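The block underneath contains the structure these notes are about, expressed in structure tokens.
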Amino acid sequence: MTAVLPPSPEPDEASGSGLAQPPVLAERGSDGDRSRTGGLFRRGGRGGRGDRAKDDAGASVWRLAFRRLRRNPVAIIGAVIVAIFLVVAIAAPWLAPYAGDATPGRDLIRPTAIPGPSAEFPLGLDRFGGDVLSKLIWGARASLIIGVASTLIGLVGGLLLGLLAGSFGGWVDSGVMRLVDLMLAVPSLLLAVSIAAVAGQRPFAVILAIGVVQIPIFARLLRGSMLAQKGQDYVLAARSLGLSRGTVTMSHVLPNSLGPVIVQATLVLATAVIEAAALSFLGLGGGRPTTAEWGRMLTQAQNELAIAPQLAIYPGLCISITALGFTLLGESMREALDPRSRKG
Amino acid sequence: MLIVRRLAQLVPTLIGLTILLFFWVRALPGGPAVALLGERATPEAVADINRLYGFDRPLLEQYFTYVGRLLQGDFGTSIRTRRPVLEEFIDRFPATLELSLAALLFAVVVAIPLGYVAARRRGTIVDHTSVVVSLIGVTVPVFFLAFILKYVFAVKLGWFATTGRASVDINATNPTNLYVLDGLLTGELDASWDAILHLVLPAIALGSIPLAIIARMTRASVMEVQGADYVRTARAKGLRPGRLRNRVILRNAMLPVATTIGLQVGLLLSGAVLTETVFSFPGIGSFLYQAISSSDYPVLQGFILAIAIVYALVNLLVDISYGLIDPRMRARS
């Protein structure tokens, strides 16, 4: 579901104009021109030549990417959204007034009327008398667990397959790639549905389904990235120094191929939040109707659309905003790691 | 030649899929017989089903029986409706086809001009709008958007229909089962109009994802092309702006966009399950939803295979159509 979005050039323009961002201007200081040529010599003033070389080696792609991220307003917005989401998800037990599946207001519910916001329940109640605010907070935790766990499954599975294909080549490569093609031959949601059906009606089914669906994407990405690295001169140099193929693959090719994979993992977190909601909308993953999970709340709200449309709006917005945060962060990271946009 | 070669490439994928789907049913909780009978099946009934369907035979034999049936067009029988799965699929496919085409039409008609203007007028309000639209399409769940559209424009404002494909009082003949087209063919324009009123909201909801992706792609592609040397040359030689736009920039920029449009079919089929369910639109998507809710596994198994075949054929069509758009592809094949 994650879109392949071409990089947009906003951050360079923004830092180029400089005026809008005083901190950048200050940081750039006297060696502003040199920093523009690649940012490698930003710390040049502090040490001798040897230090500088060491910095370059260590700073590498990652530190440079981080510097670019820090200057990109889009990345900041994404990071702030993600940070808020993480804090709410982790601190849910302390933030939420009630337990996720509690129904403190069940005596106030009438068949034709669901009370809106009040002093006690700031966002109102749901059909079962649950406090909507508490459920949204606990829902963040559910989303975080589903997102992280399924991304890990996709990442680990994809890394294993990608590593297998990318380092052995030959018939192993074609075998793995056929398997990947096979998984991509079925639309992603249907693949997820069939996996969830096998895993049964339990929350783990959703995690497994979303994770497995991501495997082919990670595998392809890593394989492509590794193949591109393998053709580089440094690999040839390492090999000619007598390092074994395995050592070169694991300690040089793999780390250098991880950039796109990490970007993808960030984007998959967005996808996972949306897909989890979709699967729960389709009635997969078990749980009770009162379970505090955004997708389930949205599904439940469908029945009350006529009398309480706000019940759909809240979880829908939570899903969208969280997905937006991870998407903005992921896209900015893609941009920051892209050698073509490395101007400063 | 290309067509034959591509069709041949489909064969291993389809064989692989039948193997996966074959084992999938056997991996379901409780095994295939329980999947057919439901979880409360008595052991006797399970044994009967196992004998009747041959689930007690060797796996290899069972697989070949399954493939043999598929080749004869037997995709199994729905537990819920007791009708052949393939018949159910063929009955409902035109509805989903009509919806997907409408969604794609909406997406293309909005996204290409939006992406084009955004690229030509960088940093303007249109450009920012295109970025926001792209983000909405990628981050707002399809069924949430469908909810909102349905609530605002159908329930509150009453401009469009809330559910289904046609109003009950419309009694039109349907030679193709594409309702909008049928109305035009038979001259029953009120039926066409009614079908359009039912189609608009689901099409917008479903079209939101491809809209976002196509707009992003168009913007990036036009931006790349307009900086190319041949565009500068054309401009320097005094080509009229209109001709420059249509013959030089758009035609070159549309190649990657066409690829992207082709890639949207899978997303449309996934999204159709959700959109059709919200609008009770009687296509393969809402039928799949009902199959999931009632554990109608033969339908799931058959529909997934049928959808994968459709998906593969559409991709084939897309590949072939590149030859028509890009002369370089024709020369290569």
Which FRET efficiency, nearest 0.05, do residue B:235 and residue A:113 yield, Cβ-Cβ r, R0 60 Å? 0.35
With +1 assigned to the C-beta of every Lys and Arg and -1 to the C-beta of every Asp and Glu, and no other charges, what is the dipole magnitude of chain B about the Cα centre in debye, to the nearest 20? 2040
Of A:197, A:129, A:284, which is farthest towards the positive pole of the range A:75-341's charge dipole, taken about the Cα centre with +1 and -1 on the beta-carbons of Lys, Arg and Asp, Glu respectively? A:197
Need one number: convex hull volume per residue for the range A:75-341, Cα atoms only, in Å³. 139
The protein assembly as shown: Rg to Rh, with Rh as the Kirkwood radius over Cα pairs: 0.98
If each residue of separation counts as 0.36 nm, what is the full-extension length gain between residue B:247 and residue B:228 once their alpha-carbon separation is subtracted? 5.4 nm
With a point put 7 Å past each Cα toward its Cβ, work out how far residue B:90 is from residue B:162 in nm, to one decimal. 3.6
Could you compute the longest span of chain B free of trypsin sites (Lys or Arg not before Pro) located in DSSP loops and having at most 10 other Cβ atoms within 10 Å, not counting the site residues? B:83-236
Is the C-alpha gyration tensor of the range B:188-255 telling us rounded, prolate or oblate? Criteria: a/c under 1.5 is rounded; beyond that, a/b larger than b/c is prolate, otherwise oblate. oblate
Considering chain B as a Gaussian network with a 10 Å cut-off on Cα pairs, which listed residue, B:64, B:22, B:160, attains the greatest mean-square fluctuation? B:64
Per the helix-only model, chain B has a calculated mean residue ellipticity at 222 nm (DSSP H runs of ≥4, -39500 (n - 2.57) each, divided over all residues, rounded to the nearest 500) of -24000 deg cm²/dmol
What does the extension gain come out to for residue A:172 and residue A:304, with contour length at 0.36 nm per residue minus their alpha carbon separation? 42.2 nm
Compute a Gaussian network model of chain B, connecting alpha carbons closer than 10 Å, and tell me which residue from B:256, B:141, B:58 fluctuates the most. B:58
At residue B:65 and residue A:244, where each label point lies 7 Å from the Cα along Cα→Cβ, what is the point-to-point distance in nanometres? 5.1
Could you tell me which of B:285, B:134, B:153 has its Cα farthest along the dipole of the protein assembly as shown towards the positive end, charges placed at Cβ (Lys, Arg +1; Asp, Glu -1), taken about the Cα centre? B:134
Given springs between every Cα pair under 10 Å in a Gaussian network model of chain B, which of B:229, B:319, B:296 has the largest fluctuation? B:229
Place a +1 charge on the Cβ of each Lys and Arg in the protein assembly as shown and a -1 charge on the Cβ of each Asp and Glu, then give the dipole magnitude about the Cα centre in debye, rounded to the nearest 20. 2920
Extension gain, residue B:197 back to residue B:317 (0.36 nm per residue minus Cα-Cα distance, nm): 40.2 nm
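Given R₀ = 41 Å, what would the calculated FRET efficiency be for residue B:57 paired with residue A:288, taking r from the Cβ atoms and rounding to 0.05?
0.50
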Calculated FRET efficiency for the pair residue A:91/residue B:72, C-beta based, R₀ 41 Å, to 0.05: 0.10
Give me Rg/Rg_expected for the range B:153-312, where Rg uses Cα atoms only and Rg_expected = 2.2 N^0.38 Å with N residues. 1.40
At a threshold of 8 angstrom on Cα-Cα distance, excluding pairs fewer than six apart, so keeping six or more, what relative contact order does chain B reach in percent? 25
Projecting the Cα atoms of A:336, A:305, A:326 onto the charge dipole of the range A:222-344, where Lys and Arg contribute +1 and Asp and Glu -1 at Cβ, the residue farthest towards the positive end is A:336
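Readers should treat all values here as calculations from the given coordinates under stated rules, not as data from a laboratory. Predicted model only: the values in this text are computed from it and were never measured. Glycine also receives a Cβ, built like all others from the backbone with ideal geometry; neighbour counts cover every protein chain displayed.
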